[in-house]
Structures are given as C-alpha cells and as structure tokens.
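The values are calculated or read from the model by the stated rules, or taken from the named source; none is laboratory data. Predicted, not measured: the structure shown is a model, and the values here were computed from it. Cβ atoms come from the backbone with ideal geometry, glycine included; neighbour counts cover every protein chain shown. These accessible areas exclude ligands, DNA and RNA; they are computed on the full protein's heavy atoms, side chains included. Shrake-Rupley method; radii C 1.70, N 1.55, O 1.52, S 1.80 Å.
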Amino acid sequence: MEAFTLILLLLAAVLVSSVLDQLVPRVSAPLIQIALGFIVAVLAVTPLQFSVDPDLFLVLFIAPLLFDEAKRADKGSLWKNKRSIASLAIGLVLAIVLAVGFVTNALIPSIPLAAAFALGAALGPTDAVAVSAMKKEIKLTERQEALLGGESLINDASGIVSFQYAIAAVTTGTFSILDAGVTFVEEFLGGILLGLVLGAALTWLMRKIRSLGLDNNTFHVLFEVFTPFIIFLFGDAIHVSGILAVVAAGLVISFTPRRIGPVQSHYSIVSSSVWRVLAYTLNGIVFVLLGMQLPMAMTSTWTDHTISNEWLLMTVAVLTAVLTLVRFVWVLCMELLHHDRVTGQRPKLSGALVRDAAVTTLAGPKGAITLSIAFTIPVFLSSSGDYFPQRDVIIFLASGVIVCTLLLANFVVPFIAPKRAVDTQAAERVALVNIEILRTVIEELTRQQTPENKAATRTVIRSYNARIARLQQSNDLDTEPREALRIKILRAQQNHALHRIEANDLDPVIGYRYIQRLGQMQNFIKHRTDNSWLVRNALRHLRITLSVLWRSLLEKVPGASTTERSDVIHELTVEGEQIAVDLLRGEMELPNFKAETIGSLLVEHENILRTLKTAKASPSITTIARVTDKAVDIEREALGMELELIHDAYEDERLTRAEAKKLRESVHLMQLDLEDRV
C-alpha cells in the first residue's frame, strides 16, 4: 500500500507540474518538478522512504526514454554533425569522468577513486529536453540544436557503460584495464549489433502483421511501447549492452521508411501522443524523485559528522564549476577545429564564438538520466557484502550538480543567448496553423466516412470548409490566382443569367436579383466596385430591361408566385454551380495550371452542386432528423480532434501558450453552442 501511495503522489506531482509549467513559462518543467518533490518530502507527515532496485530503475526509466529519443532523432542532423557529436558523446564524457573523478576523490578522500569515476560517468550525460521550455525565448543555431540533440542521445549510452565499469570495479574490488577493454568492446559492439538486428526484425514483423490486415492501432502502439523493454532485457540476458541495443534499435526504426496514407498517419498521431505522455511522465517522475531525494540526502549527509555541511556544499559548487569548465573548453576547441562545409575554413576566435560555446555548454544540463544512473548505485558490495562507500554522499553530490546545472540553463542561458526575433506576422502564422488543423480534421472525417454517415459527415465537412474560407478571407490568405478564378466564375454565372434573360427563358426580376447578388460577391472579393465590368454591360442591361418592360405591358404577364420564384432561383443556382465546375475542369486542361488552387475550388463547387441536387430530392422529416443527429455526433467528435491537434501544435512550438489558449477557447465556445443546439 505504501508503494501505491508513493506512485499516486509522484503522478499527482507530475500532473500539477504540467499545469504550473504553462502558468510559469519562465521556469523550466524539471525545476518545477524538483520543487514539487521537495515540498512533498518536507510536508509529509511521516518520512518518505523508498528504495528502487537498480536494475529495475535502469530498465523502467532509462530504456524507454533512450528509445524514444533515438526514435525521434533527426537522422539528417546526426549524420551531418557525426564527428562533433561523437566528440561530445564519447571524448567529452571520458574527459568529465577523469576530471570529476580526480577532483571528487581529492575533496572527499572517503569516496574511492573508482566510485568517484562512477560519479563522473553519471554526470557525463546531458538532458537537452530540460531546456526545451526556453526555446521560444532564445535563438539556438541549427548546429547548436543538432549538437545538443545528438549528444544527449549518444552520451547517455557512453556514460552508462562507463558508469557500469566503474561500479564493477568498486563492488568486485578488482579491475583490469585489459579485461575491461576486451569486455567493453564485446558489450559495445555486441549491443549495437543486437540493436540493429532486433530493430530490423521488429520492423519487419510489424510490416508483416500490417500486411495481414491487422491495422489495430492499439496493438501496434502497445507493441512499440514494449519494444525497448524487450530489447534491453534480451541484451542483458546475453551479456551485451542493453542500453546501446535500445539506442541502435530506435535509430533503425527512425531510419526505416514508412508508408504514406491515412491509416499510417493516424497511427503516427496516436503513437506520438502516447510516447509524448509516457516520456513526460517518466521524466517528471525522475525529477520529482530528485526533489524528494534532496531533503533525505541532506538529512543523512547533514548528520554525518565525518564531512562538514559547508564542505559538502562547496564540493557541489566545485564539481559544477569543473564540469562546466571542462565542457566549455572542449566545446570551444571543437568549434575552433570545425571546418565549415560551405567555406571550407575554420572559424576564428571571437566574442561571438565564445558566446556560442558558452550557450552550448550551459544548454546541456544534467537531468533525468544522471539521476537515474545515480539511483542504480548498489547498496552493498558483491565482494564483501559491506555497504557501498559513501553511496548517499554520491547521490547527494549528483543531485546538487543537477540542480545547479538546471539553474544555470534556466536563468543564465536566456541572458547570454541571442533573443528570438519577434514574430511580426503572428496573426497570419496562427491562421495558417489553424487552417492546417481544420484540414487535418477534414481528412480524418473523410477517412472515417461510411455509407451510413456519409450525408452527416459531408454536412460537418462543409462547415469546416466554410471556416477555412473565412480564415483565408479575413487574413488575406486567398492568393491572387484564386481571386482571379473566383471572379472569372462569377462573371461566367452572370453572363449565363443574362443570356437566359435575353432569350426570354428567365424572369428578369429573378434574374437581376441573382446577378446583383453575384456582383456583391465579386465586389467583396476585390474589395472594391468593379466599374469596368459595369460600364461594359450598362447598355446591355438597359436594352434588356426596356425590352422586357415593353413585352410585359403588351402581354400583361402576371408575376411569378413565391414558390415558382424559389424553384427558379434553385434551378439557376444549380446551373451556376455546374458552370463553375465545367469552367474549373477546363482550366485544369490548360498548361501550367495551379493544381492546388484549382483543385480546392473544384472540390468546393462540386460539394455545393452535390448539396443543391440532393436538396431538390426533398427528403422526409425523419431522414433530415436522422442526418442532423448524426451530424451533431460527428461535429462533437471533430471538435475533440481539433482540441488534440491544437495541443499538438503547442507541443511542437508552432503555437505559443497564449495562441493555443485562444484557439482552445474558441473550440470550447463551439462545443457549448453545439450542446445548446442539442
């Protein structure tokens, strides 16, 4: 029951942090989660005691997090910056292991050198996700983002492998460089090979299952979630690096081309949503555990009179300074030796280069992986059964350095990094994102369309098309070719009505009312009165009007009834939409036609024509009610999808928090209006 209560506390803290992260955007989510964990531990009625099996912590937290990072890796950026990333992920990690190890052992001799090296290995991996919240405020170069992303993926594996060897040296009491080197190569290469093989095999299996018609998203997503655990446990069973196997398998899956289609797109949306929630939860739990660990570690180390409290705090500050200095020097030297692909020259030492190196240095704080590694330190030595030397102190030092690097990343990086330029076309950008969201909803509704809900689905799709048209018109997103085509269609419809009036085939009162409405639509598109067209046709209008009046006086033709006029207007509108469809189809046969512009207009007018022809069939009241009920259900589902897509756009940083909030409020109002109509 205590374990269950702890799990609920952790999940509650992560849930609260997701809300506070939006209310306090200046503070990164990891710092908020650490603070919440600290508050939970301090306010607990009884001291919270928890112990996690190191192997369980490794497979439960690190394996899925690394798999998700590898799967989402930008393969182009990884390959383009492969040498620099390898330098940071392997060379820099080894340099940090040595520097931190020797400094820690010198400051606290009671920590054996091998255990100090283990602390250095734990502090090697970076957590670039921890600074994702500030990307909207600072401007990172493309190379900086590629280096931070690739480094945080690869150095996790190198840091964990180095940590495991250092821990083995402490727990067994023996260490041979030759044996360790041979074992390292075996586990390193074996883990990569196993990951490549299993990644390819699992990808083939997924395709085979899909080819059998089993397109169940629940099965495929659960299978993908189980993949890192299966690979890690299999690698551990055959004594190769399970961490490297998981990373290699994730990269294989990311490099594997996937089919393009509605089903695959829907699966990708579901899969990314599940992994986003899972990764956020696992990261959040680790940081909340860090916050809860701080008071416990402080209590245990504070009561240890062999090391003074001031000396512990000074050690944390010194280790943070050493870590930052080693990383800064390494990054600066790496950038000075980097050849530019365009110019083929190396950059010169300058203030801008030093600033960029400082940003890259501080934007790689320690985070969830470091703490996860620290928690895997065993409690007892396998050689003698004694307690691991200074385990609590090592965890306290790792926790302190994590907090310090997170504070530097959160408050110093925005101060020294270039500010992101102000978006002067925010309204147009938001409109384009909103249009993309609405079109995605239309695509999903079209995919879910069945013969039973076809009429209701088309009703909802028409409302979404109308919203897109309003957004385009209000933000001047209708391009000039589209305006020209719309005006061409309206003039063709006007000419058709005039021809019918001249041929005595149309009541002139009805015809001119129809022509006047088309003229108003044309003026609305052009934002001004088209006097040229009126001048060209003024005499023609006058001649027809006089002719009709003279004939009316002679023949004394009575005016049409309201029902007849309605039928004539309906018939004339159908003819006008048919003219628009024929005109657009003719435009598509011309050379250099605009496929996107003509195609979207053609679909729009075909839908209107289909609706008009269907309305003429005069469906029964029962049929209308049935279609209306289905349309309400489909619209309710569409608005739910719209909310999810708005959240995805916010997570992908295409919308700011305020912009996403405004769009969500609009959708909520439509949902309320829908329920009121029901």
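Which of (1) exposed (fewer than 15 other Cβ atoms within 10 Å of the Cβ); (2) modelled with pLDDT of 85 or more; (3) farther than 30 Å from TYR165 by Cβ does ALA237 not meet, given it meets every other one?
For ALA237, the failing item is (3).
What pairs come up if the first residue lies in the stretch 208-235 and is of a type in the set (Ser, Thr, Tyr), the second is not in a helix (DSSP H, G or I), and their beta carbons are under 9 Å apart, counting only those six or more places apart or on different chains?
Taking only residues 6 or more apart or on different chains, not a single pair turns up.
Taking the condition open to solvent by less than 80 Å² (accessible area, probe 1.4 Å), modelled with pLDDT of 60 or more, closer than 21 Å to VAL433 by Cβ and assigned to a helix (DSSP H, G or I), does ALA638 pass? Lay out the reasoning, then the answer.
Values: open to solvent by less than 80 Å² (accessible area, probe 1.4 Å): yes; modelled with pLDDT of 60 or more: yes; closer than 21 Å to VAL433 by Cβ: yes; assigned to a helix (DSSP H, G or I): yes.
It is true that ALA638 is open to solvent by less than 80 Å² (accessible area, probe 1.4 Å), modelled with pLDDT of 60 or more, closer than 21 Å to VAL433 by Cβ and assigned to a helix (DSSP H, G or I).
Given the structure, is GLY599 under 20 Å from GLU444 (Cα atoms) and modelled with pLDDT of 80 or more?
Spelling it out, it is not the case that GLY599 is under 20 Å from GLU444 (Cα atoms) and modelled with pLDDT of 80 or more.
Pairs only if they're at least six apart or on different chains, beta carbon under 6 angstrom, first in the stretch 21-34 and modelled with pLDDT under 80, second open to solvent by 60 Å² or more (accessible area, probe 1.4 Å) and assigned to a helix (DSSP H, G or I); list them, first residue then second.
GLN22/ARG657
Conditions (1) assigned to a helix (DSSP H, G or I); (2) modelled with pLDDT under 90; (3) open to solvent by 20 Å² or more (accessible area, probe 1.4 Å); (4) acidic (Asp, Glu), marked per residue:
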position	(1), (2), (3), (4)
VAL274	yes, yes, yes, no
LEU294	yes, yes, yes, no
ALA321	yes, no, yes, no
VAL329	yes, no, yes, no
HIS338	no, yes, yes, no
THR343	no, yes, yes, no
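Condition check: touching a Leu at 6+ places or on another chain (Cβ under 9 Å) and either without any contact (Cβ under 8 Å) to a residue 12 or more places away in the chain or open to solvent by 70 Å² or more (accessible area, probe 1.4 Å) (or both). Does LEU438 satisfy that? Explain how you work it out, then say what you get.
Details: touching a Leu at 6+ places or on another chain (Cβ under 9 Å): yes; either without any contact (Cβ under 8 Å) to a residue 12 or more places away in the chain or open to solvent by 70 Å² or more (accessible area, probe 1.4 Å) (or both): no.
For LEU438, the condition - touching a Leu at 6+ places or on another chain (Cβ under 9 Å) and either without any contact (Cβ under 8 Å) to a residue 12 or more places away in the chain or open to solvent by 70 Å² or more (accessible area, probe 1.4 Å) (or both) - is not met.
Just to be sure, is ILE39 at pLDDT 80 or above and surrounded by 21 or more Cβ atoms within 10 Å (Cβ to Cβ)? Working first, answer last.
Details: at pLDDT 80 or above: yes; surrounded by 21 or more Cβ atoms within 10 Å (Cβ to Cβ): no.
No; evaluated as a whole, the condition is false for this residue.
Take the residues of the stretch 183-217 that are at pLDDT 80 or above and open to solvent by 90 Å² or more (accessible area, probe 1.4 Å): which is farthest from the chain's Cα centre (by Cα)? Before the answer, list the steps.
Step one: list which residues in the stretch 183-217 are at pLDDT 80 or above, which gives 189-209.
Applying the additional criterion that residues be open to solvent by 90 Å² or more (accessible area, probe 1.4 Å) yields 189, 193, 204, 207-208.
Values: LEU189: 33, LEU193: 30, TRP204: 26, ARG207: 25, LYS208: 28 Å.
Once the filter is applied, the top-ranked residue is LEU189.
Do we find a residue being closer than 20 Å to ALA431 by Cα, among the basic types (Lys, Arg) and at pLDDT below 80 anywhere in the stretch 469-484? If you could, list the steps in order and put the result at the bottom.
Here is the first cut: in the stretch 469-484, the residues closer than 20 Å to ALA431 by Cα are 469-483.
Keeping just the survivors that are among the basic types (Lys, Arg) gives 470, 482.
Those left that are additionally at pLDDT below 80: 470, 482.
Yes; the residues of the stretch 469-484 include at least one that is closer than 20 Å to ALA431 by Cα, among the basic types (Lys, Arg) and at pLDDT below 80.
Does the stretch 360-375 contain any residue that is in a helix (DSSP H, G or I), at pLDDT 90 or above and farther than 25 Å from LEU31 by Cα?
Among the residues of the stretch 360-375, not one is in a helix (DSSP H, G or I), at pLDDT 90 or above and farther than 25 Å from LEU31 by Cα, which makes the answer no.
Identify, please: which residue in the stretch 400-430 is among the small types (Gly, Ala, Ser) and modelled with pLDDT of 85 or more and is, among those, farthest from THR104 (Cα to Cα)?
At the first step, the residues of the stretch 400-430 found to be among the small types (Gly, Ala, Ser) are 400, 409, 417, 421, 426-427.
Right, trim to modelled with pLDDT of 85 or more and you get 400, 409.
Working: GLY400: 14, ALA409: 23 Å.
Among residues in the stretch 400-430 that are among the small types (Gly, Ala, Ser) and modelled with pLDDT of 85 or more, the one farthest from THR104 (Cα to Cα) is ALA409.
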